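The values are calculated or read from the model by the stated rules, or taken from the named source; none is laboratory data. Small disclaimer: the values here were computed from a predicted structure and weren't measured. Quick reminder, even Gly has a Cβ in these numbers, built from the backbone with ideal geometry, and neighbours come from all protein chains shown. Surface areas here come from the heavy atoms of the whole protein model, side chains and all, with no ligands, DNA or RNA. Shrake-Rupley method; radii C 1.70, N 1.55, O 1.52, S 1.80 Å.
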Amino acid sequence: MSTTPLGDARPRVVKVAVALPVPGTYSYTLPDELAARVEVGACVLVPFGRRSAVGYVVGLEAPAPAELELKPVQDLVGETPPLDPAMIEFLLWAADYYLAPPGEMIRAALPAGAFAQDSRRVRLLDRAARGRNAREQRLLEALLAAADGELSERSLRRQVGPLGGALVRLCERRAIERFEAAATPRVTVRREDTFALARTPTDEERRRLERAPRRAQVWARIAAAGGAPVALSALRELPRARAHAIALTRAGLLARGQRERLRDPFQGEPLPPHPAPVLHARQAEAVGALESALSRGGFAAFLLHGVTGSGKTEVYLRLIASARRSGRGAIVLVPEISLTPQLAARFRARFGDDVAVLHSGLTDGERYDAWRRLRAGGVGIALGARSAVFAPVRDLGVIVVDEEHDGSFKQEEGVRYHARDLALVRAQRAGALCVLGSATPSLESYHNATSAARLTLLELPERATPRPLPTVEVIDLRTHRPDRDGLLSAPLAVAIEDTLGAHEQVILFLNRRGFATFLLCRECGFALRCRDCSVTLTLHRARGAVVCHYCGAAAKRPDACPQCKAGRLAELGVGTERVEAALRERFPEARVGRLDRDTSSGPGLRRILSAMARRELDILVGTQMVTKGHDFPGVTLVGVVLADTGLHLPDFRAAERAFQLLEQVAGRAGRGSEPGRVLVQTYNPQHPAIACAARHDYFGFVRAELAARAELAYPPVARLVAVRIDGPDPTAVRRVAEALGQAVRNACARSGGAGLSVLGPAEAPIARIRGRTRWQLLLRGAARHALRAIAWQAVRDTRTPARVRVAVDVDPMSAL
């Protein structure tokens, strides 16, 4: 890659990854006025087809040949490149590995607030114009109501619907015009006024201040800062502080300035006390091994396998403290935002304001400010969900992936990357340590630490507290029938009553939300289904609605069967909302809470977890959000309402996920001074996932599951690439799937086909989501490069109708 030689008059050329779902990069010339300002990583506006698009400069090329006509870059978006060259190189590698559009990959690495706004805008020219049909009229009315009579095309589409011919016809009549505007970030830097002493008041001015006590109060507060600027936000409690400060500025007593006002989710929160505990022997060994690797420098990767409650978090904290003492930064990835508040509190207690949190539960502005603080070096530790793997931490020294087994580290829509795997690659490129931690490591990580020797295995086989792992009792529901609600067997009900009587806490786990998982007519057998998805609708009684958990569609619960018009539909299947209602009725004195996606939005998550930690709840019912990493010392009983949920899904990872969930939720019991107890209700007590979880036998489960995977040639002994096809027309989707299947088989045959096999194409287990029919095929083999190359070539060689979408998923986590 070369730059323009000195004195060469020909224009310089830049390679740009356009932030659209298009493959490859594109070359543009760089105008002289931008040449000195554009560098690798810069965000630019470029012409693309009949529109302008935002893109990112990923390389500088030699001068353009005289005969080659390239379009010029139109503008620079922002002065500072959002990403440095090393991050751009890493993201291009990731795009190549996951067969993803490079511009989309780069955009996935940026906080939502940094995305540039749509640059295509529409302006009203004739305010008296009338539409010739309803859509034209709605379009004109939307522009009339807008500030300056101007909107982006994206905003217009949200208000009016598809613009199509209406936009073109109104442009031809000169009622409106379309134009390109400079692209800007969706979230801007927020600023606030500051005031500082400008001079000492005269005697006369002091007398005036004495006659105006409120103004004098503002003056005294600013004077107490000794000349340092005081932010207006620090004066909010003083009456009319801004007006008084401005009046003092006009009098020449204060100097007015501005500073950035950070949007900090922890603003005003006290730092919780959390002294470092004494390490037990195995923790000290693990910390010693990690700190030795850190001091040696260079890349090293570890798998920290520690039972629940063994003190893995303390190991992370000690390692990161060592990295920070040497001036190096750290990234900590957690799988769920439900883990973030508790973990963030522990990290802030240890590292103060040196921690920035990045996850979807924050506002765009909060994430944008946290990301910018990391990039500027003002903060050295990033804590967040999967996208935090791209955090712009300076001089990266450590990446921790907590609960590394969790499937939510895989992005399932858009750019389908796996944050755990990218963490290893990023650490390798940065010469940093990567630590994967879990009580139930994924089969891939365990295989890489044992058979493949890609990871160094560190083990914490016992809890950090004197208490052992909780005892697990399996309740066979074929013998101990549940109550009339189909929820609690007699042994579990008695155990809950005893625990409440001892003033201890209970967690009940059921991986289904809602009140009833489906509604059925007992007269004609009709089941209420989603119109756009191949699933039944779930009743959410608190909302009075039936909801699809795949597309989000909601409707009022019907009063009678829509098919035969007979009586009310029966409520069948059990969800967390139903469990909560039944517990409130059965244990009226107990304080019952629920943690699932319905209750955890906004401040709900922190409120529920805080209430549980303060022992303001006696029973917490929840989905898998209650299984991960929470440390509630008061919990002595964990009940699994139905362990069979998800156990028999048509997915090769179903048993592994079931075992992990059971072992993780069992680990929430007995983490304090009292022993823990776990009761697991199931109709399949003999299933290996349940039997091994009851014995806390991770190694027994792994041995059996690895043998089964080897026999069927599934990961980790083989590699997978999935090709997923979906569209609104079932016939078109099937034809594309069949054509792709044939193209893949032809490519396998040309390559010799050694060790490669193709499963499908076949209709997906959930055949329809959001009105789109779904098919898929799986490529299986030992050579991942060959699998990716064949899948990509087949997709490129297959003609696809406009409304059929084809996506390649490298290393898929699910076959559903």
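Among the residues making up the stretch 692-707, those that are open to solvent by 20 Å² or more (accessible area, probe 1.4 Å) and either free of Cβ contacts under 8 Å to residues at least 24 places away in the same chain or in contact with a Lys or Arg (Cβ under 9 Å, 6 or more places away or on another chain) (or both) are Asp697, Phe699, Arg703, Ala704, Ala707. A single entry from Leu508, Leu487 fulfils the requirement of being modelled with pLDDT under 90, open to solvent by less than 40 Å² (accessible area, probe 1.4 Å) and within 28 Å of Ala611 (Cα to Cα): Leu487.
Applying the condition of being surrounded by 15 or more Cβ atoms within 10 Å (Cβ to Cβ) and among the small types (Gly, Ala, Ser) to the stretch 226-243 and asking which residue is farthest from Leu254 (Cα to Cα) yields Ala234. Here Val678 fulfils each of the conditions (1) over 29 Å from the mean Cα position of the chain (by Cα); (2) open to solvent by 10 Å² or more (accessible area, probe 1.4 Å) apart from (2).
Please find, within the stretch 601-624, the residue that is most open to solvent (accessible area, probe 1.4 Å) out of those that are among the polar types (S, T, N, Q) and more than 24 Å from Leu488 (Cβ to Cβ).
Our first condition is that a residue be among the polar types (S, T, N, Q); within the stretch 601-624, this holds for 601, 610, 623-624.
Pick out the ones that are also more than 24 Å from Leu488 (Cβ to Cβ) and you get 601, 610.
Details: Ser601: 80, Ser610: 39 Å².
Looking at residues that are among the polar types (S, T, N, Q) and more than 24 Å from Leu488 (Cβ to Cβ), I get Ser601.
Of all residues in the stretch 361-371, exactly one satisfies the criterion of being surrounded by fewer than 22 Cβ atoms within 10 Å (Cβ to Cβ) and either of a type in the set (A, V, I, L, M) or within 15 Å of Ala109 (Cβ to Cβ) (or both), namely Leu362.
Checking each residue in the stretch 771-788 for being open to solvent by 50 Å² or more (accessible area, probe 1.4 Å) and out of contact with any strand residue (DSSP E or B) (no Cβ under 9 Å at 6 or more places or on another chain) picks out only His785.
Specify which of the listed residues (Gly593, Gly646, Gly670, Gly604) is under 28 Å from the mean Cα position of the chain (by Cα) and at positive phi. When all the criteria are applied, what remains is Gly646. Among residues belonging to the stretch 350-360 that are at pLDDT below 90 and open to solvent by 30 Å² or more (accessible area, probe 1.4 Å), point out the one that is nearest to Asp402 (Cα to Cα). Taking the candidates together, the pick is Ser360. Condition check for Val744 on (1) over 32 Å from the mean Cα position of the chain (by Cα); (2) closer than 30 Å to Gly552 by Cα; (3) buried (at least 17 other Cβ atoms within 10 Å of the Cβ): one failure, at (2). Only one of the numbered conditions (1) of a type in the set (A, V, I, L, M); (2) outside any strand (DSSP E or B); (3) over 28 Å from His630 (Cα atoms) is violated by Ala255, and that is (2). Within the stretch 580-612, the set of residues being polar (S, T, N, Q) and closer than 16 Å to Arg541 by Cβ comprises Thr599 only. Considering the stretch 153-186, and only residues there that are open to solvent by less than 20 Å² (accessible area, probe 1.4 Å) and either within 28 Å of Leu262 (Cβ to Cβ) or of a type in the set (Asp, Glu) (or both), the residue that is modelled with the lowest pLDDT turns out to be Ala183.
Given the residues Ala330, Ala289, Ala301, which is the only one that is open to solvent by less than 60 Å² (accessible area, probe 1.4 Å) and either in a helix (DSSP H, G or I) or modelled with pLDDT under 90 (or both)?
Values: Ala330 fails: either in a helix (DSSP H, G or I) or modelled with pLDDT under 90 (or both); Ala301 fails: either in a helix (DSSP H, G or I) or modelled with pLDDT under 90 (or both).
Result: Ala289 is the single residue among Ala330, Ala289, Ala301 that is open to solvent by less than 60 Å² (accessible area, probe 1.4 Å) and either in a helix (DSSP H, G or I) or modelled with pLDDT under 90 (or both).
Yes or no: Asp797 surrounded by fewer than 21 Cβ atoms within 10 Å (Cβ to Cβ), out of contact with any helix residue (DSSP H, G or I) (no Cβ under 8 Å at 6 or more places or on another chain) and touching a residue at least 40 places away in the same chain (Cβ under 8 Å)? The answer is no for Asp797. Among the numbered conditions (1) touching a residue at least 12 places away in the same chain (Cβ under 8 Å); (2) open to solvent by 10 Å² or more (accessible area, probe 1.4 Å); (3) within 25 Å of Pro468 (Cα to Cα), the only one that Thr627 does not meet is (2).
Can you find a residue in the stretch 420-438 that is open to solvent by 20 Å² or more (accessible area, probe 1.4 Å), small (Gly, Ala, Ser) and under 20 Å from the mean Cα position of the chain (by Cα)? For the stretch 420-438, residues open to solvent by 20 Å² or more (accessible area, probe 1.4 Å), small (Gly, Ala, Ser) and under 20 Å from the mean Cα position of the chain (by Cα): absent. Kindly indicate the residue of the stretch 427-448 that is aliphatic (A, V, I, L, M) and in a strand (DSSP E or B) and also farthest from Ser326 (Cα to Cα) among those meeting that condition. So the residue we want is Leu436. Checked against the criterion of being β-branched (Val, Ile, Thr), surrounded by fewer than 20 Cβ atoms within 10 Å (Cβ to Cβ) and at pLDDT 95 or above, the candidates Thr499, Thr471, Thr456 yield just one match: Thr456. Considering the stretch 512-555, the residues that are open to solvent by 40 Å² or more (accessible area, probe 1.4 Å) and touching a Leu at 6+ places or on another chain (Cβ under 6 Å) include one that is modelled with the lowest pLDDT, namely Phe518.
Test Ala370 against the criterion of being over 27 Å from Gly297 (Cα atoms), among the aliphatic types (A, V, I, L, M) and part of a helix (DSSP H, G or I), and give yes or no. The answer is yes for Ala370. Gly49 falls short of the stated requirement of being surrounded by fewer than 15 Cβ atoms within 10 Å (Cβ to Cβ) and under 17 Å from Ile106 (Cβ atoms). Screening the stretch 378-390 for residues that are assigned to a loop (DSSP other than H, G, I, E, B) and under 15 Å from Phe351 (Cβ atoms) and picking the one that is modelled with the lowest pLDDT gives Gly378. One residue stands out in the stretch 304-327 among those that are surrounded by 22 or more Cβ atoms within 10 Å (Cβ to Cβ) and β-branched (Val, Ile, Thr): the one that is modelled with the lowest pLDDT, namely Thr308. Note on the stretch 590-609: residues that are touching a residue at least 60 places away in the same chain (Cβ under 8 Å) and part of a helix (DSSP H, G or I) total 3. Only residues that are in a loop (DSSP other than H, G, I, E, B) and either open to solvent by 60 Å² or more (accessible area, probe 1.4 Å) or modelled with pLDDT of 90 or more (or both) were counted across the stretch 258-275, and they come to 10.
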